[in-house]
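J.: Below is a structure I'd like to ask you about.
The numbers here are math on the coordinates, done by the rules we state, and not lab data. This is a predicted model, so every value here is computed, not measured. Glycine also receives a Cβ, built like all others from the backbone with ideal geometry; neighbour counts cover every protein chain displayed.
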Amino acid sequence: MEKLAVIYWSQTGNTQAMAEAVLEGARAGGADAQIFTVSEITADQAAEYPRLALGCPAMGAEVLEEAEFEPFFTELEPKLSGKRVALFGSYGWGDGQWMRDWQDRVTGAGAQLFNGEGLMINETPDDSGLADCRALGSGLAGF
């Protein structure tokens, strides 16, 4: 069973709900999956996992959260080569530029991006959105 970490930052609970659904899907897909808030794990600890599901909402001018998540990801980024990564997050405005930039950073670091793109959900995930999150986790488990 492959080890998989779901690591996220959430301000309003939307990305947390997504992370919990990704975890459910990963476990249903057969992964030995654990969940962490970004403050509960270091980049070095995260780099020990061959599969990572990373979640962060769009903030400000469509950027990753700058106080906790961005510093964590900046430290993790050079350690992503060869890893299998899924990205997810919620947003309330914009057109997804934060996700496109994040995707480019992940693939530029040499990781394999699940589905070739991240999963974005506008505001609070509904039942369909949570099903998409579970599918993301299950898919990453088998990727």
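J.: Which of the helices in the chain meet the span-like rule: DSSP H, Cα axial reach of 15 Å or more, Kyte-Doolittle mean at least -0.5?
T.: Going by DSSP H runs, the hits are 14-28, 127-142.
J.: Further question: Remind me, what semi-axes does the chain give for its equivalent ellipsoid, largest first in whole Å, using sqrt of 5 times each Cα gyration tensor eigenvalue?
T.: Semi-axes from the Cα gyration tensor: 19, 18, 14 Å.
J.: While we're on this one: From Cα pairs below 8 angstrom and at least 6 apart in sequence, can you work out the relative contact order of the chain, rounded to a whole percent?
T.: About 33 percent, as a whole number.
J.: Using only C-alpha positions, report the orientation-averaged shadow area of the convex hull of the range 1-79, nm², one decimal.
T.: Quarter of the Cα hull surface area: 5.0 nm².
J.: So if each residue of separation counts as 0.36 nm, and I subtract the Cα-Cα distance between residue 68 and residue 45, what length gain in nm does that give?
T.: My answer for the length gained is 6.7 nm.
J.: Sticking with the crude label model, points 7 Å out along Cα→Cβ, report the distance from residue 117 to residue 77 in nm, one decimal please.
T.: In this crude spin-label approximation the distance works out to 2.3 nm.
J.: Ok, one more. So, in nm, how far is label residue 11 from label residue 32 when the simple model puts each one 7 Å beyond its Cα toward the Cβ?
T.: 3.7 nm
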